[in-house]
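Structure first, then comments.
The values are calculated or read from the model by the stated rules, or taken from the named source; none is laboratory data. Small disclaimer: the values here were computed from a predicted structure and weren't measured. Counting neighbours? That spans all protein chains shown, and the Cβs are built from the backbone with ideal geometry, glycine included.
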Amino acid sequence: MMKRYLMLLSITLCQIVLFSASVSAGDFFEQNNLAIDGYDPVAYFTEQKPVKGSTQFRSDYQDSTFQFASAAHRDAFLADPSKYAPQYGGYCAYGMAKGYKATIDPAAFTVVGDKLYLNYSETVRSRWLSNIPDYVQKADANWPEVQKQTKVHQ
């Protein structure tokens, strides 16, 4: 009897952990309760590199918390969030092109046509770079359905 109880308890705990790891609090993928893991979305455009945001400069957008390196970056974002927010809810753009949500490495990014695309890793980013127009077309087509998924590939 005890063995069965422990097995059911283990299964329940695993389900809770898997569910909580797969659901994001806001409309954007969040790591550590922050969109882009706390990196400044404006810096990708102005500095052409990932820059960690500060807890001093935060703002919510579409139920997600973004951090910024400066008040000026926060204000630029708030003036035109769609210009700076990452595509596909901040999930991996390559994964989106393949039809699934995947986590991201904030350092694996590309700005193309004034849009920010994030990738799972530098290796995945290399694949993404091999055919960006085709991957963007596929990701754009997949996004409406994939955004409904709760599972996130880690």
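Assorted remarks:
- Positions within the range 61-81 being free of Cβ contacts under 8 Å to residues at least 12 places away in the same chain and either crowded, with 21+ Cβ neighbours inside 10 Å or of a type in the set (Asp, Glu) (or both), in sequence order: Asp75, Asp80
- From the list Phe45, Phe28, the lone residue that is aromatic (Phe, Trp, Tyr) and either touching a Ser or Thr at 6+ places or on another chain (Cβ under 7 Å) or at pLDDT below 95 (or both) is Phe28.
- Counting only residues that are modelled with pLDDT of 90 or more and assigned to a strand (DSSP E or B), the range 31-42 holds 3 of them.
- Within the range 107-143, restricting attention to residues that are over 22 Å from Asp80 (Cα atoms) and of a type in the set (S, T, N, Q), the residue that is surrounded by the fewest Cβ atoms within 10 Å (Cβ to Cβ) is Ser130.
- Scanning the range 37-57 for residues that are among the acidic types (Asp, Glu) and more than 14 Å from the chain's Cα centre (by Cα) yields one hit, Glu47.
- Flag if Ser20 is at pLDDT below 95 and surrounded by fewer than 16 Cβ atoms within 10 Å (Cβ to Cβ): yes
- Strands (runs of 3 or more DSSP E) within the range 58-154 that include 1 or more residues over 18 Å from Asn32 (Cα atoms), of a type in the set (Ser, Thr, Tyr) and touching a strand residue (DSSP E or B) at 6+ places or on another chain (Cβ under 7 Å): 105-112, 115-119
- Among the residues listed as Pro86, Pro133, the single one being of a type outside the set (Gly, Ala, Ser) and in contact with a Leu (Cβ under 6 Å, 6 or more places away or on another chain): Pro86
- In the set Tyr84, Tyr94, Tyr100, only one residue is surrounded by fewer than 18 Cβ atoms within 10 Å (Cβ to Cβ), at pLDDT 95 or above and within 15 Å of the chain's Cα centre (by Cα); that residue is Tyr100.
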